[in-house]
Amino acid sequence: MKLDKLIQGAGKLGIKFNGKQLKQFQTYYEELIEWNKKFNLTSITDYQEVQVKHFLDSLSVTSALTKEELENSNFNIVDIGTGAGFPGVPLKILLREARLVLIESVGKKTTFLRQIMAKLGLDNVEVIQGRAEEIAHSPLYREQFALAVSRAVALLPVLLELALPFCRIDGKFVAQKKGEIGAETNRADKATLTLGGKLGEVKRVELEEFGDERYLIIFDKISPTPEKYPRRPGLARRRPI
Ligand code: SAM
């Protein structure tokens, strides 16, 4: 059966898809593979692997959300360094009414994202080509989001500087991490405090499909991020808080 790995795994997360959503995932897979022949978007191209390592892994973020958040039609999400759309696009396929903003600095990736949004018929999505450090200073995006997400972009102290400025007070930032995370999480204390966050919970994603240890590190936004953050592009990486 088509998408059986995704359907099975998502079932364990309490997610059921309708026919339209399954069609969207199938089209997303096909377009990803087609575009990947021209541009290097992902090294994961096997049908089963894309279902698990891209789609299911993205959807695991829902484990960090409350029932109210999942059902809120005014929910909004920003995905920082989204690449070919992970985790933002699978989340948008699932949470159809949510507003989604995808931030990515590489133009060929944003070209793909704009094309795939149109092809999947997803609306209320904005694709922005640019650096998170700059976009986070625009009043249109600063402290506007209920949820900021980011996967495989940077170490936590760096990531927090890119992501927390986008979260509104009472919003949350969910970082997806693999493997040994203790040291990285401890090193993020200063950045968390400085940027107006608080470590909420570290949640292990309990899905045998992954065969490795995956975590959702959940930060709550409790006070405004000081105006000087994020610093100019590249500085968070060179001199993490
Ligand atoms: N999140 C996707 C995933 O998990 O498949 C892509 C991960 S990829 C390793 C990291 C992406 O983040 C790249 O596409 C890169 O261009 C983008 N990126 C890194 N730093 C960025 C920044 N400061 N602002 C916007 N995009 C950034």
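Things to note:
- Filter pass, residue 180 being among the acidic types (Asp, Glu) and open to solvent by 20 Å² or more (accessible area, probe 1.4 Å): yes
- Exactly one residue out of 140, 70, 147 is more than 9 Å from the ligand (Cβ to nearest atom) and surrounded by 17 or more Cβ atoms within 10 Å (Cβ to Cβ), and it is 147.
- Near pairs, Cβ below 9 angstrom, 6+ apart or cross-chain, from region 116-130 (buried (at least 17 other Cβ atoms within 10 Å of the Cβ)) to any residue that is of a type in the set (Gly, Ala, Ser): 116/84; 116/85; 117/85; 125/88; 129/105; 129/107
One line per residue, one yes/no per condition, for (1) over 21 Å from residue 103 (Cβ atoms); (2) within 14 Å of the ligand (Cβ to nearest atom); (3) not in a strand (DSSP E or B):
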| position | (1), (2), (3) |
| --- | --- |
| 168 | no, no, no |
| 198 | yes, no, no |
| 225 | no, no, yes |
| 228 | no, no, yes |
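- Residue 118 fulfils the conditions (1) over 20 Å from residue 216 (Cα atoms); (2) in contact with a strand residue (DSSP E or B) (Cβ under 8 Å, 6 or more places away or on another chain) except for a single criterion, (2).
- The C-beta contact set for region 84-104 (first residue open to solvent by 10 Å² or more (accessible area, probe 1.4 Å) and outside any loop (DSSP other than H, G, I, E, B), second residue modelled with pLDDT of 95 or more and more than 11 Å from the ligand (Cβ to nearest atom), distance under 6 angstrom, 6+ apart or interchain) comprises 99/76; 99/124.
The values are calculated or read from the model by the stated rules, or taken from the named source; none is laboratory data. From a predicted model like this one, the values you see are computed outputs, not experimental measurements. All Cβ positions, glycine included, derive from the backbone under ideal geometry; neighbour counts span all protein chains shown. We work out accessible area using only protein heavy atoms, side chains counted, and drop any ligands, DNA or RNA first. Shrake-Rupley method; radii C 1.70, N 1.55, O 1.52, S 1.80 Å.
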